[in-house]
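Peer 1: I have a structure here, written as structure tokens, and I will follow up with some questions on it.
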Amino acid sequence: MPTCTPFEDRTANPPVCGFLHEPDAPLGRGLVLTHGAGSNAHAPLLVAVATAFAAAEITVLRCDLPFRQTRLHGPPFPASAAQDRAGLKRAVSLLRERLPGDIYLGGHSYGGRQSTILASAEPDLAAGLLLFSYPLHPPRKAADLRTGHFPLLSTPSLFIHGTRDPFGSVEEMQAAVALIRGRHELIGVEGAGHDLAGKGSVARIAEIALNGFRAFF
């Protein structure tokens, strides 16, 4: 059985804290996975995805972003975004020290957005991005698109997105990902909102993500 153990590294600023899911027979590939603006590493979606990937022999570091390490509740401040990206970069580096194969990066909502911004600036950082519910725009503010960095993004990117997500419809996402320079794919989840649970369960989303990951990467 795969194991899940607390993980903490405070040798750098910002530190990396979370949980390491290690397979019985690891393939040598790894995934850094993080959360949205209102959540943390204990989010049921992240736990389900990490558990499914570890069962498929992929090592997963499920971690709290730096803003969540300093504030237990509430969304991040805009000024903390650079520090959050630095934390993601450090997490990728730590996982790379442990594994010989490709390292992937991703997360839910805000965590996924920061992953894309980081990868657009450092295209060699990760082998690919796994992005859940990318927050394309604030609810009811469709003109406020968060795609300015998309034309610079060359890292292969797999998006998982609910058809009832108020942060962007699947149709809006299709137009947005067309801006991405690198290889990309968008998987729509019927009936799911921003949390992606929808009418099903996070286990269903984890299965969709794993199947999509295997096919795309």
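Just so it is clear, none of the values below were taken in a lab; they were calculated from the coordinates. Everything numeric here is computed off the predicted structure, so don't read it as measured data. Using ideal geometry, Cβ is built from the backbone for each residue, glycine included, and neighbour counts are taken over all protein chains shown.
Peer 1: If Lys and Arg each add +1 and Asp and Glu each add -1, what is the summed charge of the other residues whose beta carbon sits under 11 Å from the beta carbon of Gly111?
Peer 2: Cβ neighbours under 11 Å give a net charge of +2.
Peer 1: Would you mind counting up the charge near Arg71? Only other residues with Cβ under 15 Å from its Cβ, with Lys and Arg at +1 and Asp and Glu at -1.
Peer 2: -1
Peer 1: Still on this model: Gaussian network model of the chain, Cα springs within a sub-10 Å range: biggest mean-square fluctuation belongs to which of Pro14, Pro100, Pro66?
Peer 2: Pro100
Peer 1: Okay, moving on. Which FRET efficiency value, to the nearest 0.05, is calculated for Ala86 and Thr3 with the Förster distance at 41 angstrom and r the Cβ-Cβ distance?
Peer 2: The formula returns an efficiency of 0.90 here.
Peer 1: From the Cα gyration tensor of the range 1-46, with a ≥ b ≥ c the square roots of its eigenvalues, which class applies: rounded if a/c is under 1.5, or else prolate if a/b is larger than b/c, or else oblate? It would help to have the intermediate numbers written out before the result.
Peer 2: On the way: a/c = 2.06, a/b = 1.29, b/c = 1.60.
It comes out oblate by the Cα gyration axes.
Peer 1: Something else now. Which of Ile103, His42, Leu31 sits closest to the plus end of the dipole of the range 3-216, meaning its Cα is farthest towards the positive end, when Lys and Arg get +1 and Asp and Glu get -1 on the C-beta?
Peer 2: Working it through, the farthest residue towards the positive pole turns out to be His42.
Peer 1: What list of ³J(HN,Hα) couplings, whole Hz, do you get for the range 59-73 from phi and the Karplus terms 6.51, -1.76, 1.60, once you set θ to phi - 60° and write x for glycine and proline?
Peer 2: 6, 10, 9, 9, 10, 7, 5, x, 4, 6, 5, 9, 9, 6, 9
Peer 1: Given the rule -39500 (n - 2.57) for each run of at least 4 DSSP H residues, summed and divided by the residues of the chain, what is its mean residue ellipticity at 222 nm, to the nearest 500 deg cm²/dmol?
Peer 2: On the way: 6 runs with 70 residues, N = 217.
Rounded to the nearest 500, the figure is -10000 deg cm²/dmol.
Peer 1: Follow-up question, since we're still on this one. Suppose we keep just the alpha-carbon trace of the range 3-216; what are its Rg and Dmax in angstrom?
Peer 2: 15.6, 47
Peer 1: For the chain, give the magnitude of the charge dipole about the Cα centre (Cβ charges: +1 Lys/Arg, -1 Asp/Glu; no others), in debye to the nearest 20.
Peer 2: So the dipole magnitude of the chain works out to roughly 380 debye.
Peer 1: Here's something else I'd like to know. Using alpha carbons only, what's the Rg to Rh ratio of the range 116-217 with Rh from Kirkwood?
Peer 2: Rg/Rh: 0.96.
Peer 1: For Ala56 and Ala203, compute 0.36 nm times the residue count separating them, minus their Cα-Cα distance, and round to one decimal in nm.
Peer 2: Contour length minus Cα-Cα distance gives 51.5 nm.
Peer 1: Could you list the GluC sites (Glu not before Pro) in the range 139-199 that lie in coil according to DSSP, counting only those with at most 12 other Cβ atoms within 10 Å of their Cβ?
Peer 2: Of the GluC sites (Glu not before Pro), the ones in loops of the range 139-199 whose Cβ has at most 12 other Cβ atoms within 10 Å are Glu190.
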